[in-house]
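Data block below; observations after.
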Amino acid sequence: MMKKLYVYLLAFGVFFTATSELVVSGILNVIAEELHISTALAGQLITAYSLAFAIGTPIIVSFTSRMERKQVLVGSLAVFILGCLVSFASAQYATLMVSRMILGASSGVYLVVALGSVAKLVPADKMGGAIGTVILGFSSAMVLGVPIGIAIAGWLGWQAIFLILGLFSLLVMVVIFRRFPKIEGDAPVSFKDQFKVLGNLVIVSGLFLTFFRESGNSVMFTYLTPFLQSILQMKLSTVGMLMLVFGIFGVIGSQLGGFVVDKWGVVRMILIGLAVHVVSLALLPLFSSLPAIGCLLIAVIVLAMFTTAPAIQTFFIMQAPQSANLVLSLQTSIIHLGLAAGAGAGGVMVNAASTVLYNPWLASLIVGLGLVAALACVSLSGRNDAKPAQN
């Protein structure tokens, strides 16, 4: 029972750190107006966060891999709180940019160490469900964190969001410091040997899977609001409600995915989830004249996306248990690189076609490449139904 509470505690931390990432896109215009900068320049705050996450996380994680996990969790949250305070005090763009880099790196380290800690905290046959719970923290940030953050920005100002995130994160940090059990870091493996996992073709193909999957998702979801409005003819007020519904599907998916991983094994979950993902994206433009079916397909896409996530995380941990934290940090870096690449590719498609109608087809093609990488990964691993071993 206590172990479940520890997992939920980690998920709460992920909720707050993820909200710091996601909320900025929802208040971008507010920040731009108050700091007297263009929306495009304000958008670079998101880029700075992603780059700090992608570059800083694997470096910091590799240097702290042998440290006791509670120490790293507390340390990363302490730096995150510092970043929140800098954001709260930011009256200039340059200061806010620095705070975004601090938040990006610290959030990345916390997420990776939280996932790695779960793998050592629960029995192997419960790992998928536990990882699904941690990912639930991220999906909940989409459903609750962003709307609440937008409301706070309108009520108290956008800086107040970060003060509140810092205060709640402080509470989580104190509880982790006082109640969380000691968990050993990774096995003593040299810095050079840790990076030998990059010579493992299973890991490399898994990273390609992650890159293509996230790139495809970004092609679709970066332009989801324009798709709902211009293609499915939804009113802006309806779009907000649909975003909440899609977020709920994400929450359900993260929990369902963890449960199914423990029952079916990671390979089945990854392949079935990706196949459903690809097909749903491919069908979406064909039903553009039927908004109800179009919205249902988007809900299925979100469900498949979040259902597959715990399986992919579990697969990486199973493949490199001695370097789990490093591999997870590399994977989260690839996620952010994929998101950036997908947003760019989606923009090129929109400019070329003068419509967002065809973005789901491009997304389907790219996620399809992820499915090919997954098949290669399975073939190289030599496991047709990899499943966490029973204790």
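Here are some notes:
- Output for the range 27-43, where each listed residue is surrounded by fewer than 15 Cβ atoms within 10 Å (Cβ to Cβ) and either touching a residue at least 40 places away in the same chain (Cβ under 8 Å) or not in a helix (DSSP H, G or I) (or both): H36, S38, L41
- Sole exception among (1) at pLDDT below 85; (2) within 19 Å of I366 (Cα to Cα); (3) of a type outside the set (K, R) for V261, by number: (2)
- Close pairs (7 angstrom Cβ cut-off, 6 or more residues apart or separate chains): outside the structural domain of V143 (by TED's automatic domain parsing) in the range 251-265, acidic (D, E) and part of a helix (DSSP H, G or I) anywhere: D262/D125
- Residue list for the range 133-177, filter: modelled with pLDDT of 90 or more and closer than 23 Å to N325 by Cβ: S169, V172, M173, V175, I176, F177
- Single residue of A119, A124, A94 found to be in the same structural domain as F15 (by TED's automatic domain parsing), without any contact (Cβ under 8 Å) to a residue 24 or more places away in the chain and farther than 20 Å from L165 by Cα: A94
- If you go through the range 275-310 and keep only what is more than 19 Å from G247 (Cα to Cα) and in a helix (DSSP H, G or I), you end up with A275, V278, V279, A282, L283, P285, L286, F287.
- Residues in the range 219-229 that are at pLDDT below 85 and assigned to a helix (DSSP H, G or I): F221, L224, T225, P226, Q229.
The values are calculated or read from the model by the stated rules, or taken from the named source; none is laboratory data. Keep in mind it's a predicted model, so treat the numbers as computed, not measured. FYI the Cβ positions are ideal-geometry reconstructions off the backbone, even for glycines, and counts take in every protein chain you see.
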